[in-house]
Amino acid sequence: MGSFRVELGANAHPVETGAGLLDRLGARALAAGLTAGRAVIVTDDHVARLYGARAATALAAAGFSASMIEVAAGEASKSIATLGALYDRMVAAQLDRSSVVFALGGGVVGDLAGFAAATYLRGIAVVQVPTTLTAQVDSALGGKTGVNHPAAKNLIGAFHQPRLIVADVATLATLPEREFREGLAEVIKYGAIMDAPMIAGLEAAMPAILRRDPARLAEIVDQSLRHKAAVVQRDEREGGLRKILNFGHTIGHALEASAGYGSYFHGEAVAIGMAAAAALSRAHGGLPDDEAARLVRLIEAAGLPTRMPAGWRGADFERALRLDKKRAHDGVEFVLLDRLGHALTRRLTFAEILAPFA
């Protein structure tokens, strides 16, 4: 089991990774300083069937009285309408300022439940319990919460740090293959932006990772979260360095929004976005051709897409691109690579972003 703290002053919190942690969820919450009492488990209807009872049992054993709140699985639930229904259930559960929201599921649940916790009674505690690879290696850590707007992904949100993150890698055994592979996009991202030796390690270990070897999974989850924590600790609110974590996301988010949420899994869109960012890095960041090709080959080895889909460049895509949160006047602070393992940002105009794909 891996364990470390994200050092954020008053918002510091522990991160625990390993197999079998779900059955100790209540005990770990108490050890993190949370108070047993009223709580809710926010999950989706798929994860609830797999892990809801185990999470509830573990919380009850530690003295928590937790109501289960299920939302429909999928990106469509990360909406203002679902958020409103979630508030209604939290009110019905009589949550108070000492209550805890346990977000059990993937990135959609984590973002939705985290935003509800951030805004209910002006902020109550949230514990992130990610059950997908994408959430375990990325979205559970960092405090970003929110919901989508029809115009753009994550347009409405807040920073709200969890009090605890518990990533049980045993839950990855039940992930459908497509959902498992999409999580590898975020793992590859960390190597691309800050750890060149990690790229070599992933190239060698990819067959074992795709077999879901437990030791390899524990390694990549712990490694990825430590990398993200190192960035977040230096830039909690994305004022500078944290922007590098958006490598591949500018184009990826525009693809998700223009294709309709749910058409692409997040990691699939990010994979295409990273391949596109590699091409832009060659033109604007000085990334050598062979290193750009190497990154694309690794993404493909993970079974992820790298090509822009047919008909992608429409009005909906360009509109979503212009709504990117990093936009500035007629462009975007775009994350590029000058070499594998090192990222930088450059202000690119929308015309420059689109030029290589004309």
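The modelled label-to-label distance for the pair Met308/Asp289, using points 7 Å beyond Cα in the direction of Cβ, is 2.1 nm. Only one item in (1) 47; (2) 39; (3) 27 matches percent of Cα pairs over 32 Å apart derived from the coordinates shown, and that item is (3). The trypsin sites (Lys or Arg not before Pro) of region 196-249 that DSSP puts in a loop, and whose beta carbon has at most 11 other beta carbons within 10 Å, are Arg211, Arg237.
Around Thr17, with a cut-off of 9 angstrom between Cβ atoms, what is the net charge of the other residues, counting Lys and Arg +1 and Asp and Glu -1? Each step should come with its number before you reach the end.
Details: positive: none; negative: Glu16, Asp168, Asp222.
So the surrounding residues net to -3.
Counting other Cβ atoms within 10 Å as a rough exposure proxy, the listed residues Met90, Met194, Met308 run Met308, Met194, Met90 from fewest neighbours to most.
Sort His149, His160 so that the residue with the fewest other Cβ atoms within 10 Å of its own Cβ comes first and the one with the most comes last.
Details: His149 14, His160 21.
Going from sparsest to densest Cβ surroundings: His149, His160.
Positive contributions from Lys and Arg (+1) and negative ones from Asp and Glu (-1), summed over other residues with Cβ under 10 Å from the Cβ of Lys228, come out at +1.
When the chain is treated as a Gaussian network with alpha carbon springs shorter than 10 Å, the biggest mean-square fluctuation among Val296, Val126, Val109 belongs to Val296.
Across every direction, the projection of the convex hull enclosing the Cα atoms of region 49-162 has a mean area of 6.8 nm². Could you work out the relative contact order of region 184-357, using alpha carbon pairs under 8 angstrom and six or more residues apart, expressed as a whole percent? Dividing the mean separation by the residue count of region 184-357 yields 28 percent. Charge dipole of the chain (Cα centre as origin; +1 on each Lys and Arg Cβ, -1 on each Asp and Glu Cβ, all else neutral): 540 debye, rounded to the nearest 20.
For region 36-126, the antiparallel share of DSSP beta bridges with both residues in that region comes to about 0%. Think of each Lys and Arg Cβ as +1 and each Asp and Glu Cβ as -1; about the Cα centre, that makes the dipole of region 272-353 roughly 180 debye.
Quick one: of the DSSP bridges fully inside the chain, what percent are antiparallel, nearest 5? Spell out each step's value before the answer.
Values: 20 of 44 bridges.
The antiparallel fraction comes to roughly 45 percent.
Taken together, the values in this text are just the output of simple stated rules run on the coordinates, not laboratory data. What you see is a predicted model, and the numbers here were worked out from it, not measured in a lab. In this analysis, Cβ positions are derived from the backbone assuming ideal geometry, glycine residues included, and neighbour counts consider all displayed protein chains.
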